[in-house]
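Peer 1: Below you will find the structure I want to go over with you.
Nothing in this text is a laboratory measurement; each read-out follows from the coordinates by a stated rule. What you see is a predicted model; the values in this text were computed from it and never measured. Heads up, the Cβs are rebuilt from the backbone with ideal geometry, glycines too, and the neighbour counts pull from every protein chain shown.
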Amino acid sequence: MKVKIHREGTNILVILLGILAVINTPAWMFIRPIGIPLAFSIVSAVVFLLVLNFFRSPRRHFKGNPDRVVVSSVDGKVVALERTYEPEVLKREVIQLSVFMTIFNVHANWFPVNGKVLSVKHHAGRFLSAYLPKSSTENERSTVVIKAESGQEILVRQIAGAVARRIVTYAEPGEEASIADHMGFIKFGSRVDIYLPLDTEILVKLGDKTIGGVTEIARLSATDKADGTQNKK
């Protein structure tokens with residue numbers, strides 16, 4: 001599993017490195033005893049490495065059977081798994097599966113299914129803790145609807161949190177969605193909700209840890225790709 005730096009972090013890391021250099025260079029030139037600039041440098045190195053770690057972007061490949069698979073969009077912990085009514089887009093009962101990310105998780109977001117992007121919509125909102133259930137409907141968020149290859153519509157919602165106030169969505173209506181590709185990025189901790197059909201087979205439980213683009217969290221039911229009806233074979 002090779003790791004690179006995500007493009008969302010390149011400018012931030014360059015700017016941060018410049019700021020730390022401006023702080024540390026005069027400290028080493030003019031401040032004594034030597035322990036003070038040394039402390040500055042140690043703290044600066046820790047800060048830079050933490051931010052560098054945040055923007056890491058592993059290259060991942062799903063190795064299982066891709067037929068009807070739903071993979072986790074993000075690294076994190078399953079914090080919600082329930083039957084609910086989705087009122088904004090789908091307007092029907094679905095299974096909500098939510099994964100919460102901390103600042104130590106990879107924050108790239110993968111497409112959860114193979115298929116086609118039907119719509120992308122940004123919703124303005126609050127910046128409550130993303131761990132709270134009401135963050136799904138009240139926080140700043142971006143909603144992506146994908147028609148899976150098996151015919152079902154899957155809704156993926158990127159949610160901002162108290163710290164994460166920058167949601168980036170790469171998905172565009174009409175483009176192909178692939179579980180190997182990034183759907184977007186959320187900066188500095190948040191959550192992603194996935195809304196699935198009621199007849200979906202769920203493969204994780206509350207508290208489980210997931211790896212984006214790798215962990216199989218569900219399998220969609222067999223359907224007729226032409227009309228989306230359930231295959232009785």
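Peer 1: Which whole-Hz ³J(HN,Hα) couplings does the stretch 93-109 yield from phi under the Karplus relation 6.51 cos²θ - 1.76 cosθ + 1.60, θ = phi - 60°, glycine and proline marked x?
Peer 2: 6, 8, 9, 9, 10, 10, 10, 9, 10, 9, 5, 8, 7, 5, 10, 5, 10
Peer 1: Please list the non-local residues whose amide H lies under 5 Å from the amide H of A177, H modeled 1.01 Å from N, same-chain partners needing a gap of 5 or more.
Peer 2: G115, K116, V117
Peer 1: Order of 200-210, 114-124, 20-30 by packing, highest average Cβ count within 10 Å first? Write out the running numbers ahead of the final one.
Peer 2: On the way: 200-210: 14.2, 114-124: 16.5, 20-30: 12.6.
So the order, starting with the most tightly packed, is 114-124, 200-210, 20-30.
Peer 1: When a footprinting reagent is the concern and you count Cβ atoms within 10 Å, what order do I167, I15 take, fewest first?
Peer 2: Exposure proxy ranking, most exposed first: I15, I167.
Peer 1: In which sequence would R157, R68 go, from the one with the fewest C-beta neighbours within 10 Å to the one with the most?
Peer 2: R68, R157
Peer 1: Still on this structure, please answer the following. Rounded to whole Hz and in sequence order, give me ³J(HN,Hα) for the stretch 16-27 from the Karplus expression 6.51 cos²θ - 1.76 cosθ + 1.60, θ = phi - 60°, writing x for Gly and Pro.
Peer 2: Each residue's phi maps through the Karplus curve to give 4, 4, x, 4, 5, 5, 4, 6, 7, 4, x, 4 Hz.
Peer 1: Quick one: what are the phi-derived ³J(HN,Hα) couplings along the stretch 46-62, Karplus 6.51/-1.76/1.60 with θ = phi - 60°, whole Hz, x for glycine and proline?
Peer 2: 5, 4, 5, 5, 5, 5, 4, 4, 4, 8, 5, 9, x, 8, 10, 9, 6
Peer 1: Here's a follow-up. Can you list the residues, at least 5 places off or on another chain, whose amide H is less than 5 Å from the amide H of A80, using H built in the peptide plane?
Peer 2: Amide H neighbours of A80: S98.
Peer 1: What residues qualify as long-range amide H neighbours of G184, i.e. H under 5 Å apart, gap of 5 or more or another chain, H built at 1.01 Å from N?
Peer 2: Residues meeting the amide H criterion: N109, Y170.
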